[in-house]
Each structure stands twice: as C-alpha cells, then as structure tokens.
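Structure first, commentary second.
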C-alpha cells in the first residue's frame, strides 16, 4: 500500500463539540470514526461536568499565533501545507507528511500551536486548548486532495483581515 497524497486533519477546541452534541458526534473508540452518532443530551451533560476548564473560543490574535506555529512546524519537518484554516472553534489542515502517521502529525501541530498560544497568553496559560483527538482523513487520490483543499480554502476567512 502506498502512502497517501495528504491528510485532511480537523480538530476542535476544548469543550466546543462534546460527545452527545446536537450537531452529531463521533465515538472516538470507533475504528475509523466515520459513523456520526445522534444527539445524546445526557452524554453531553456528563462530558460538560468532567471539563476542568472553560470551553475555548479562539480570538483573532490567538488564531494568528496558532496558524503561524502550525506553518512553522510544517516547514521545519518538511511537511507541505496545501491548505490551513484556524477557526474560532476548530482547525482544518490539508498536509502532506510523507510516511508520518496522521496521528503523529496532528499531535505535533497541536503541541506547537499550544506552546505559541500559551506564550501569547502568558498571564493565563491553559492546560487544554484542544479536544483529545480529531478527524484524520487519508487523501489517496488527486480528486480527494483537490476537494479537501477547496473545502478548507472556501470557508469564511474574514478573521485574517481583522
């Protein structure tokens, strides 16, 4: 089996999309996470009760810091960023990383972004900026790669102008 052309990685900020969420959610114990589970208010309330910090909404300066940190680590590791969007409550990236697993890529990107965001917020650094895991999609064809890039690039990016 050959390595994928790229990955579409998505992860949310801490507390903004909990298990049981009315928008649907994916049980992280599922093998590939393709099945979206229906809303479950009881499960969502239990998840909220276990939170140790407030939910995270990223403001513009923090989004810029995360974006820059992610691009920097990708350049350092020689991973190619096809598209990146840091939103107020989630991140999308289409990245080619050779034979590095998508989980390893996601962990590195989250770690570097976390350090940059905590450096920016020195008076109140956080322990949790991100959810534990995220979505990892393999892009094995040119068609899937281009579709993922289009998806990421054509979201609202007006925050960059602020």
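The values are calculated or read from the model by the stated rules, or taken from the named source; none is laboratory data. Everything numeric in this text was worked out from a predicted model, so none of it was measured. When we count neighbours, we look across all protein chains shown, and the Cβ atoms used for this are built from the backbone with ideal geometry, even at glycine.
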Given the conditions (1) modelled with pLDDT of 85 or more; (2) under 22 Å from residue 152 (Cα atoms), report the number of the one that residue 55 does not fulfil.
(2)
So for segment 96-115 (the condition being in contact with a helix residue (DSSP H, G or I) (Cβ under 7 Å, 6 or more places away or on another chain), over 26 Å from residue 16 (Cα atoms) and outside any strand (DSSP E or B)), does at least one residue qualify?
yes
Here are the criteria: (1) closer than 21 Å to residue 121 by Cβ; (2) at pLDDT 95 or above; (3) in contact with a strand residue (DSSP E or B) (Cβ under 6 Å, 6 or more places away or on another chain). Tell me which single one residue 81 does not satisfy.
(1)
Kindly establish whether residue 42 is at pLDDT below 95, crowded, with 16+ Cβ neighbours inside 10 Å and over 21 Å from residue 124 (Cα atoms).
no
On the given criteria, is residue 126 in contact with a helix residue (DSSP H, G or I) (Cβ under 8 Å, 6 or more places away or on another chain), in contact (Cβ under 8 Å) with a residue 40 or more places away in the chain, part of a helix (DSSP H, G or I) and under 18 Å from residue 67 (Cα atoms)?
no
